[in-house]
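Visitor: Here you go, one structure.
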Amino acid sequence: MTTSMDHYTYEVGAGVPDVETFRALRHACGMGPRSVEAVARGLPGTWYGVVVEAVPTGEKEAAGRIVGMGRVIGDGGSCFQIADVCVLPAHQGRGLGKRIMAELTGALERRAPAGAYVSLIADGDAHHLYSRFGFVETAPQSVGMHRKV
């Protein structure tokens, strides 16, 4: 889907960025670092991914630059997690996060088996965005936890 805003045309579609673009997006958005090896191993395991490309308005032949992304990871049947949702700060406030989430949740609704469990970790104020797509806090029944290797 293509949308024009400000000086860019935004194209949102299925896919994942390359390793360096993935790492650069996470860094620019204040997300924790991931090693080249970890990303190279992980990206091919994406169940469904979305990228947002920004093409300067009036430059139809110009190559787009990836300015946002999001992924669904999981076992493909009973458990899924939405991860790595981010939009470069210079492109935030244009509804791109909503478009990424709409694509990800749409893919889950079309392709995941009924009753599949979908989780995510909401950083900062992102819970406001995620609640628009039906996500609710799990506490006090359950509490999100993590561990780094």
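Visitor: I'd like to check something: does region 17-33 contain any residue that is assigned to a strand (DSSP E or B), open to solvent by 20 Å² or more (accessible area, probe 1.4 Å) and in contact (Cβ under 8 Å) with a residue 40 or more places away in the chain?
Guide: No - not one qualifying residue is present in region 17-33.
Visitor: Kindly indicate the residue of region 42-85 that is surrounded by fewer than 23 Cβ atoms within 10 Å (Cβ to Cβ) and at positive phi and also modelled with the lowest pLDDT among those meeting that condition.
Guide: The residue in question is 58.
Visitor: While we're here: Every residue in region 96-114 that is within 16 Å of residue 13 (Cβ to Cβ) and free of Cβ contacts under 8 Å to residues at least 40 places away in the same chain, please.
Guide: Those that are within 16 Å of residue 13 (Cβ to Cβ) and free of Cβ contacts under 8 Å to residues at least 40 places away in the same chain: 97, 98, 101, 102, 105, 106, 110.
Visitor: Check region 106-117 and report whether any residue there is closer than 22 Å to residue 46 by Cβ, modelled with pLDDT of 95 or more and part of a strand (DSSP E or B).
Guide: Yes: region 106-117 contains one or more residues that are closer than 22 Å to residue 46 by Cβ, modelled with pLDDT of 95 or more and part of a strand (DSSP E or B).
Visitor: While we're here: Only residues that are among the aliphatic types (A, V, I, L, M) and open to solvent by 20 Å² or more (accessible area, probe 1.4 Å): list them for region 89-107, please.
Guide: Residues satisfying the conditions are 90, 102.
Visitor: Next up: With (1) closer than 26 Å to residue 8 by Cβ; (2) open to solvent by 60 Å² or more (accessible area, probe 1.4 Å); (3) of a type in the set (Phe, Trp, Tyr) as the list, and residue 117 as the residue in question, which single condition is left unmet?
Guide: (1)
The values are calculated or read from the model by the stated rules, or taken from the named source; none is laboratory data. None of these values were measured; they are calculated from a predicted model. Positions of Cβ are generated from backbone atoms using ideal geometry, with glycine treated the same way; all protein chains shown enter the neighbour counts. Just the protein is used for accessible areas: all its heavy atoms, side chains included, with ligands, DNA and RNA removed. Shrake-Rupley method; radii C 1.70, N 1.55, O 1.52, S 1.80 Å.
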